[in-house]
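Only one structure is covered here, and it is reproduced in the block below.
The values are calculated or read from the model by the stated rules, or taken from the named source; none is laboratory data. All values derive from a computational prediction rather than experimental measurement. No Cβ is skipped: glycine too gets one built from the backbone with ideal geometry, and neighbour counts run over all protein chains shown. The accessibility values were calculated without ligands, DNA or RNA, using every heavy atom of the protein model including side chains. Shrake-Rupley method; radii C 1.70, N 1.55, O 1.52, S 1.80 Å.
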Amino acid sequence: MPGHPSQMEPAPELRADARHNRVRILEAAREAFATRGLDVPMAAIARRAGVGVATLYRRFPSRESLITEVFGDELATCASVVDEALAEPDPWRGFCSMIETVCAMQVADRGFTEAFLTAFPDAIDYERTRVRAEQGFAEVVRRAKAAGRLRADFDLADLTLLLKANCGVATGTSEVAAAGSRRLVAYLLQSFRAQHAEPLPPAPPLTLDLLHAPAAAAR
């Protein structure tokens with residue numbers, strides 16, 4: 001009979017197994033993205049999670065859906081960092097704290113920077129949060145310039161340069177990378193000050209979405 005207990009018992013077990021697989025996949029993906037970036041093969045994530053590739057794709061139909069699930073919390077944290085910078089009464093302090101925090105996040109997790117800079121049009125909430133963070137950063141820059149603390153020729157492309165440089169530092173061991181990143185950021189923040197600023201060459205045509213364009217194209 002359809003309602004016999006022996007026929008109903010397996011369903012909760014399967015649901016529990018599915019939940020367990022989902023957690024394992026997310027943990028494996030987070031670790032893989034953090035150490036190898038977003039280009040790690042989906043098959044490698046499945047092996048790390050101890051599941052089959054078919055199981056991975058049943059839970060996450062595309063790489064994009066997996067990425068947005070893994071980095072949703074980090075993106076929200078990044079957006080909150082920008083919001084805190086905007087709420088800071090001292091525009092220069094807000095600018096510096098934002099740069100320092102974002103660069104520290106980049107060193108801690110290689111995959112996050114790529115995820116932040118990748119457009120996922122189908123993930124509406126994710127994309128909305130990412131755009132809000134970018135717009136907030138532009139406003140932080142505007143306020144710091146208006147206060148006379150940030151050099152007038154600072155360009156939004158300079159954030160891309162900063163993240164590219166910091167990404168190079170992040171390739172070492174965790175302790176060395178963190179220390180190197182802090183020193184690099186301190187150097188750059190001093191060069192960003194308006195006081196005693198000397199003319200610079202023109203800013204390159206770089207935008208945040210081009211930071212890892214070759215990797216994105218390869219996918």
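Let's see how each residue does on (1) among the β-branched types (V, I, T); (2) exposed (fewer than 11 other Cβ atoms within 10 Å of the Cβ); (3) at pLDDT below 85:
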{"position": "T160", "(1), (2), (3)": "yes, no, yes"}
{"position": "A165", "(1), (2), (3)": "no, no, no"}
{"position": "V169", "(1), (2), (3)": "yes, no, yes"}
{"position": "A186", "(1), (2), (3)": "no, no, no"}
{"position": "A213", "(1), (2), (3)": "no, no, yes"}
{"position": "A218", "(1), (2), (3)": "no, yes, yes"}
Inset, instruction - Determine whether the range 203-211 contains at least one residue that is modelled with pLDDT of 85 or more, part of a helix (DSSP H, G or I) and aliphatic (A, V, I, L, M). - result: no
Inset, instruction - Please state which one of R93, R63, R59 is over 23 Å from A138 (Cβ atoms), open to solvent by 50 Å² or more (accessible area, probe 1.4 Å) and out of contact with any His (no Cβ under 7 Å at 6 or more places or on another chain). - result: R59
